[in-house]
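Input: a single structure, listed below in structure tokens.
The values are calculated or read from the model by the stated rules, or taken from the named source; none is laboratory data. Note that the coordinates shown come from a computational prediction; the quantities given were computed from them, not determined experimentally. Every residue, glycine as well, gets a Cβ built from its backbone with ideal geometry; the counts of neighbours run over all protein chains shown.
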Amino acid sequence: MVTRVNGIAASDGVGIAPAYLLTKPNLSFEKYHVSDAASEKKRLHNAFDKIIRNLETTKKNLTGKLSDEDLAIFDTHIAILNDPEMIRQVENRITNQRLNAESAFAEVITKAIKTLQAMTGNEYMQERAADFQNIQDQVLAELEGKELPNLRALDHPVIVVAHSIGPSDTSQMDARFVKGIITDLGGRTSHAAIMARSLQIPAIVGCNDITRKAVNGQNVIVDGFEGNAIIEPASTEISQYQKIADKFMNVRQQWQQMVDKPSVTADGSKYKIAANIGSSVDISSAMENGADGVGLFRTEFLYMKSDHLPTEDEQFNAYRKAVEQLKGKRLVVRTLDIGGDKPLRFMPLPKEMNPFLGYRAIRIALDRPEMFRTQLRALLRASEFGKISIMFPMITTLEELQAAKKIYYEEQQKLAVDHPEIGKDVRLGMMIEVPLAALNAERLAAEVDFFSIGTNDLIQYCFAADRGNDSVSYLYQPLNPTFLKLVKHIIDSGHAHNTTVAMCGEMAGDRYSLPLLIGMGLDVYSMSASSILRTRSMMRQLDRKKCQELYQEAITTCDSMPAVKNLVQHWLVEN
């Protein structure tokens with residue numbers, strides 16, 4: 001019987017293949033007492049050691065294929081298994097209570113998982129809870145001699161169906177065999193969605209109960225364009241969607257011809273399409289996809305993968321390597337954006353009721369100026385080797401922006417004693433991701449060379465909806481007409497002061513948003529590298545004047561996001 005499921009379109013494309021349910025075996029175990037504690041502890045450590053070796057081997061094999069951000073998940077899992085406090089607690093239970101290894105380990109790690117899960121609203125802690133759960137499964141499976149699902153072992157095409165998908169799952173995926181992804185949970189900004197786009201795998205997330213409806217081996221169609229899945233489709237539907245898939249494959253091949261083409265509209269209006277990256281490792285992918293530069297270099301991953309505060313020289317070398325790889329194209333670097341969902345192992349932060357509204361990003365930088373000064377000096381030094389722009393995250397008030405600039409110019413003047421020209425070509429900018437900054441954009445524009453609109457956070461704060469919370473994922477509404485007006489206000493405010501306006505959130509690479517953003521006058525579009533060629537190809541088919549008319553129609557005739565999306569869909573067909 002044909003079953004139809006709707007979710008959130010997360011990654012373009014069509015996949016047709018048998019379902020592969022990403023389900024784990026029964027890992028329940030019997031709790032019992034042991035007579036030989038030493039032997040039981042050895043069994044535990046053998047399991048830990050084998051898993052660590054597997055993780056290290058997998059990371060080595062994937063280095064160069066995945067970004068530093070994605071590879072860091074392996075370091076996180078290894079760190080959990082090497083945690084001396086966790087090991088001490090498990091060994092104490094084996095020694096003092098004579099518990100078997102499964103019981104002792106499960107007691108300790110379950111307590112940690114529950115503590116992390118209790119931190120609702122904290123996306124980072126929820127992800128760490130998932131990491132601990134993943135480790136628990138691996139250890140119990142090893143102790144019990146059971147096999148966990150291994151996506152790396154796939155040798156035939158499948159559609160992966162899962163409750164949720166984490167970094168350790170996506171890191172195993174081979175796009176030759178994984179033809180689509182469908183999950184119960186997730187939104188467009190979830191890890192599964194972002195990784196699916198990076199791997200160019202069609203994906204639908206937030207389907208609620210797909211794992212209860214699909215059965216292993218059933219034929220499944222994934223429509224990543226519209227967010228629809230069909231279980232056991234009719235042969236006519238398979239034929240219909242195969243034609244769509246073939247057409248899209250041809251389109252992808254045509255996109256490759258856009259690598260060296262300028263980013264212009266059909267009427268000749270010029271723009272920049274840049275890449276969002278997490279480290280210099282990602283630059284090769286950005287260049288291969290024809291990026292006009294890097295619009296967002298997330299420097300926090302340089303800190304998050306370290307066990308100490310990176311020194312000035314360590315940072316300088318990383319920034320110099322990145323800007324040199326760009327060969328004359330501009331590198332836009334976001335200063336340290338930690339806190340909220342991104343704590344540092346070597347720098348404990350205070351526990352907060354709502355860390356996303358708390359001590360984070362520029363607030364930490366201004367409170368701990370020496371750390372901030374070190375990063376700014378490293379960036380200034382690296383600017384002698386290429387074009388660098390520096391932008392400050394989470395700016396809320398004019399005073400914060402002026403304080404950050406003051407520190408920057410103090411460090412520039414110090415370095416200028418020996419290097420008179422240092423920093424002359426550096427452009428200063430700020431993220432617009434807080435509603436107050438958006439409302440005060442015209443005054444702030446007078447202080448900077450450029451804005452970068454971080455739509456993921458700006459939408460989150462405007463709609464008072466945690467973007468990591470599936471229950472309110474319907475409030476991720478980039479096409480809401482009121483929100484569109486706010487974006488237009490930011491762009492107009494920037495242009496009133498000759499300030500360039502960029503966008504580095506998911507909205508920048510969205511095909512329904514693109515004609516509206518062109519109509520609003522956005523200058524720079526920064527996105528995942530895998531979206532660049534599609535966006536450039538689409539841009540070259542659009543006329544700026546017609547896009548302006550579309551925007552005006554959207555904000556005057558539509559009163560909801562669905563209405564705007566429907567308008568744009570019909571407009572794209574007609575144009």
Subject >> Scope the range 141-160; condition modelled with pLDDT of 90 or more and touching a Lys or Arg at 6+ places or on another chain (Cβ under 8 Å); matching residues >> reply: Ala141, Glu142, Leu143, Pro157, Val158, Ile159
Subject >> Count of residues meeting criterion [polar (S, T, N, Q) and under 12 Å from Ser383 (Cα atoms)] in the range 294-332 >> reply: 1
Original post:
Before we move on, is Ala437 more than 23 Å from Gln315 (Cα to Cα), surrounded by fewer than 16 Cβ atoms within 10 Å (Cβ to Cβ) and either in contact with a helix residue (DSSP H, G or I) (Cβ under 7 Å, 6 or more places away or on another chain) or outside the structural domain of Glu324 (by TED's automatic domain parsing) (or both)?
Top reply: no
Original post:
Any residue at all in the range 85-104 that is loosely packed, with under 12 Cβ neighbours inside 10 Å, under 19 Å from Asp174 (Cβ atoms) and not polar (S, T, N, Q)?
Top reply: no
Subject >> From the options Glu352, Glu370, residue that is acidic (Asp, Glu) and either under 23 Å from the mean Cα position of the chain (by Cα) or assigned to a helix (DSSP H, G or I) (or both) >> reply: Glu370
Original post:
How many of the residues in the range 239-282 are among the aromatic types (Phe, Trp, Tyr) and under 24 Å from Arg298 (Cα atoms)?
Top reply: 1
Original post:
When residues of the range 6-33 are filtered for being surrounded by fewer than 15 Cβ atoms within 10 Å (Cβ to Cβ) and acidic (Asp, Glu), how many remain?
Top reply: 1
**OP:** Could you check, for the range 391-411, whether at least one of its residues is surrounded by 20 or more Cβ atoms within 10 Å (Cβ to Cβ), part of a helix (DSSP H, G or I) and among the aliphatic types (A, V, I, L, M)?
**Re:** yes
Original post:
Would a scan of the range 457-469 turn up a residue that is at positive phi and outside the structural domain of Ile390 (by TED's automatic domain parsing)?
Top reply: yes
Original post:
Does Ala38 fit the bill of being farther than 27 Å from Glu144 by Cα and either modelled with pLDDT of 90 or more or among the basic types (Lys, Arg) (or both)?
Top reply: no
Original post:
Do you know which residues across the range 1-15 are within 26 Å of the chain's Cα centre (by Cα), assigned to a strand (DSSP E or B) and not small (Gly, Ala, Ser)?
Top reply: Val5, Asn6, Ile8, Val14
**OP:** Select from the range 223-250 the residues that are among the β-branched types (Val, Ile, Thr), surrounded by 13 or more Cβ atoms within 10 Å (Cβ to Cβ) and not in a strand (DSSP E or B) and list them in ascending order.
**Re:** Ile238, Ile244
Subject >> Odd one out for Arg544 among (1) touching a Leu at 6+ places or on another chain (Cβ under 7 Å); (2) modelled with pLDDT of 95 or more; (3) not small (Gly, Ala, Ser) >> reply: (1)
Subject >> Members of the range 466-503 that are surrounded by fewer than 18 Cβ atoms within 10 Å (Cβ to Cβ) and part of a loop (DSSP other than H, G, I, E, B) >> reply: Asn469, Ala496, His497, Asn498
Original post:
Which ones in the range 516-575 are touching a residue at least 40 places away in the same chain (Cβ under 8 Å) and either among the charged types (D, E, K, R) or touching a His at 6+ places or on another chain (Cβ under 7 Å) (or both)?
Top reply: Asp523, Arg534, Arg536, Arg540, Asp543, Arg544, Lys545, Asp559, Lys565
Original post:
Would it be correct to say that Tyr359 is part of a loop (DSSP other than H, G, I, E, B) and aromatic (Phe, Trp, Tyr)?
Top reply: yes
Original post:
Got a sec? Which strands (runs of 3 or more DSSP E) wholly within the range 134-222 have at least 1 residues that are among the hydroxyl-bearing types (Ser, Thr, Tyr)?
Top reply: 178-183
Subject >> The lone exception for Lys60 - which of (1) under 25 Å from Ser285 (Cβ atoms); (2) surrounded by 15 or more Cβ atoms within 10 Å (Cβ to Cβ); (3) without any contact (Cβ under 8 Å) to a residue 60 or more places away in the chain it fails >> reply: (2)
**OP:** Please identify the pairs in which a residue from the range 131-148 that is surrounded by 19 or more Cβ atoms within 10 Å (Cβ to Cβ) has its Cβ atom under 9 Å from the Cβ atom of a residue that is among the basic types (Lys, Arg) and not in a helix (DSSP H, G or I), counting only partners at least 6 apart or on another chain.
**Re:** Leu140/Lys146
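Residue-wise test of (1) under 26 Å from Ala286 (Cα atoms); (2) modelled with pLDDT of 95 or more; (3) surrounded by fewer than 16 Cβ atoms within 10 Å (Cβ to Cβ); (4) in contact with an Asp or Glu (Cβ under 8 Å, 6 or more places away or on another chain).
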| residue | (1), (2), (3), (4) |
| --- | --- |
| Asp337 | yes, no, no, yes |
| Asp341 | yes, no, no, yes |
| Ile364 | no, no, no, no |
| Phe372 | no, yes, no, no |
| Ser383 | yes, yes, no, yes |
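The rows are residues; the columns are (1) in contact with a strand residue (DSSP E or B) (Cβ under 9 Å, 6 or more places away or on another chain); (2) under 30 Å from Ser198 (Cβ atoms).
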{"position": "Lys42", "(1), (2)": "no, no"}
{"position": "Asn46", "(1), (2)": "no, no"}
{"position": "Lys60", "(1), (2)": "no, yes"}
{"position": "Phe74", "(1), (2)": "no, yes"}
{"position": "Pro84", "(1), (2)": "no, no"}
{"position": "Arg98", "(1), (2)": "yes, no"}
Subject >> Search result, residues across the range 534-575 that are buried (at least 21 other Cβ atoms within 10 Å of the Cβ) and in contact with a strand residue (DSSP E or B) (Cβ under 9 Å, 6 or more places away or on another chain) >> reply: Thr535, Arg536, Met539
